[in-house]
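The values are calculated or read from the model by the stated rules, or taken from the named source; none is laboratory data. Quick caveat: nothing in here was measured; it's all calculated off a predicted structure. Cβ: placed from backbone, ideal geometry, glycine included. Neighbour counts: every protein chain shown. These accessible areas exclude ligands, DNA and RNA; they are computed on the full protein's heavy atoms, side chains included. Shrake-Rupley method; radii C 1.70, N 1.55, O 1.52, S 1.80 Å.
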Amino acid sequence: MILSDKGFGFINLKDMPSGEYSFGNLKYTNTSWAATKDYKHMAKNHCGAVFVTNLVLYFASIGYSDLIVDKSKDNIFAAVHRIVGNGPVITVARKAKEYFYERGYTLEYSRVVSLEDIKEAISDNQPLGVLLTNGIFSWHWIMVVGWRQYKSIGDSEENYLRIIDSWNQTADRFYKVGSDSILWSTTKYRLSPL
């Protein structure tokens, strides 16, 4: 069980490098994101269910408000957790699809293999789910809602993903690509009515 994000390489917005950068972000309204600490009384190793809950909250924030179960984030998590269950959960896309289907939508998803694909997904307003690992028994689901690319000395670049880390109720966290943990899998999501 992971007790903190130390070792995954997550960075607070205030600690990001200074300097010029290019960026892209999903379009969404202010959202109070789900965090694992909110549900530790009813679940364990549940970052997968929290990620899917945040996926629901994202789509609800851009107009799919009928995804909200009884107008409550907690009720969304309970319904999602019923499907996703406790972790570790190595794949969540098919389970997420089941939740959205029950609410009258088709959740389409596909693997993403490059930073350019991530940028394109963000440009197309498609959130991404990322499974990170920093050890054989250390896995964590996050949601990608944007990216930043800093120009470094010479022609090198530093790439960051703007994330909802599943531990905090904010999207003001970042993951430096290739640092402290490995991007095990990345999936982009799109929603459409049945």
For the stretch 11-16, just list the computed ³J(HN,Hα) in residue order, Karplus coefficients 6.51, -1.76 and 1.60, θ = phi - 60°, integers in Hz, with x standing in for Gly and Pro.
-> 10, 6, 3, 5, 9, 5
GNM result for the chain, Cα springs below 10 Å: residue of Trp184, Trp167, Trp33 fluctuating most strongly | Trp184
Counting sequence-distant residues (5 or more places) and residues on other chains, those with an amide H built under 5 Å from that of Ser110 are Lys188
At 0.36 nm per residue, minus the direct Cα-Cα distance, what do Phe137 and Lys71 gain on full extension? Give it in nm, one decimal, please.
-> 20.2 nm
Connecting every pair of Cα atoms under 10 Å apart in the chain and solving the GNM, the largest mean-square fluctuation among Val113, Val130, Val145 falls on Val113
Taking a ≥ b ≥ c as the square roots of the Cα gyration tensor eigenvalues, with a/c under 1.5 meaning rounded and otherwise prolate when a/b beats b/c or oblate if not, the stretch 38-140 comes out oblate
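Any idea what the relative contact order of the chain is, in percent, if you count C-alpha pairs under 8 Å spaced at least 6 apart?
Values: 368 pairs, mean separation 59.6, N = 194.
Computed value for the chain: 31 percent relative contact order.
Output the Kirkwood hydrodynamic radius of the stretch 61-194, Cα pairs only, in Å rounded to one decimal. Let's see the in-between values first.
On the way: mean 1/r = 0.0620 Å⁻¹.
Over the stretch 61-194, the inverse of the mean reciprocal pair distance is 16.1 Å.
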Please go through the stretch 50-146 and write out the chymotrypsin sites (Phe, Trp or Tyr not before Pro) that DSSP classes as loop and that have at most 12 other C-beta atoms within 10 Å.
-> Phe137
Are any of the pairs Lys37/Lys151; Lys71/Lys151; Lys44/Lys151; Lys44/Lys97; Lys71/Lys176; Lys97/Lys151 more than 32 Å apart by Cα-Cα distance, and if so, which?
-> Lys37/Lys151; Lys71/Lys151; Lys44/Lys151; Lys71/Lys176; Lys97/Lys151
The stretch 129-192 and the stretch 7-80: distance between their alpha carbon centers, rounded to Å | 14
Using alpha carbons only, how many degrees (0 to 90, rounded to 10) separate the axis of helix 47-61 from the longest principal axis of the chain?
-> 90
By accessible area (1.4 Å), largest first, Lys44, Lys71 order as Lys71, Lys44
Roughly speaking, to the nearest percent, how much of the chain's 1.4 Å accessible area is carbon and sulfur?
-> 50
Tell me, what ³J(HN,Hα) does each residue in the stretch 95-109 have, in order and in whole Hz, if you take phi through Karplus 6.51 cos²θ - 1.76 cosθ + 1.60 with θ = phi - 60° and put x for Gly and Pro?
-> 5, 4, 4, 4, 4, 5, 4, 4, 9, x, 10, 9, 9, 9, 8
In terms of modelled amide H atoms, which long-range or inter-chain residues lie less than 5 Å from the amide H of Val145?
-> Arg162, Ile163, Ile164
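What does the accessible area per residue of the chain come to in Å², with a 1.4 Å probe and no ligands, DNA or RNA counted?
Details: 9710 Å² over 194 residues.
Per residue, the chain has an accessible area of 50 Å².
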Under a 10 Å cutoff between Cα atoms, tell me which one of Gln149, Gln169, Gln126 has the largest fluctuation in the Gaussian network model of the chain.
-> Gln149
